[in-house]
Amino acid sequence: MFEPSPVLLAFLVFKRFVFLELIAALALARVLTARGASRIVAGLALLLAVAEAAILLAPVAGTPQGALYPRLAQLMQMGNGMLPLLIPSLFLAISAYLPGKRMRGLDFAHIALLWVLVGLWVATMIV
């Protein structure tokens, strides 16, 4: 019968329960330490990551009700679910290039997260 590979399961868990939460944590760290434009863009990344994580976790919490949730859930499936993940990540990456940034280690952690996400995604296509 059908048994998913461990790589596919790892990708699904990372995509649904780990990536956005870690992006939100990195964005929060940037908001707390940066100044100026970098802080504002990181705040936008934080808001997007938290909102998207709430949409993804709504079925787990048992709260997907109302007319708005199906539309939001449909938006979260754009690009096979990858596009909405990359939008807050893009804003966090932009904040790394704006004046007022601090803690360069956040950028290295962000790059590592992206490598893991894309690596798992590519591995699921190969398997």
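A few points about this structure:
- Enumeration of residues in region 48-103 that are surrounded by 11 or more Cβ atoms within 10 Å (Cβ to Cβ), over 11 Å from the mean Cα position of the chain (by Cα) and of a type in the set (V, I, T): I55, T63, I94
- Selection status of S5, surrounded by 15 or more Cβ atoms within 10 Å (Cβ to Cβ) and on the phi < 0 side of the Ramachandran plot: no
- Filter pass, A49 being touching a residue at least 12 places away in the same chain (Cβ under 8 Å) and under 30 Å from R104 (Cα atoms): yes
- Criterion violated by G36 - all others in (1) surrounded by fewer than 14 Cβ atoms within 10 Å (Cβ to Cβ); (2) in contact (Cβ under 8 Å) with a residue 12 or more places away in the chain; (3) on the phi < 0 side of the Ramachandran plot satisfied: (3)
- Residue match in region 20-40 (condition: among the hydroxyl-bearing types (S, T, Y) and in contact with a helix residue (DSSP H, G or I) (Cβ under 7 Å, 6 or more places away or on another chain)): yes
- Taken over region 24-41, residues that are under 13 Å from the mean Cα position of the chain (by Cα) and of a type in the set (G, A, S) amount to 3.
- Scanning region 8-33 for residues that are surrounded by 16 or more Cβ atoms within 10 Å (Cβ to Cβ) and of a type in the set (V, I, T) yields I23, V31.
- The set of residues in region 96-121 being closer than 28 Å to Q74 by Cα and in contact with a helix residue (DSSP H, G or I) (Cβ under 8 Å, 6 or more places away or on another chain) consists of H110, L113, L114, V116, L117, L120, W121.
- Residue check for V122: of a type in the set (V, I, T), surrounded by fewer than 17 Cβ atoms within 10 Å (Cβ to Cβ), within 22 Å of A25 (Cβ to Cβ) and out of contact with any Cys (no Cβ under 7 Å at 6 or more places or on another chain): no
Read-outs throughout are calculated quantities, based only on the coordinates presented, and are distinct from any laboratory measurement. Bear in mind the structure is a predicted one, so any value in this text is a computation, not a measurement. FYI the Cβ positions are ideal-geometry reconstructions off the backbone, even for glycines, and counts take in every protein chain you see.
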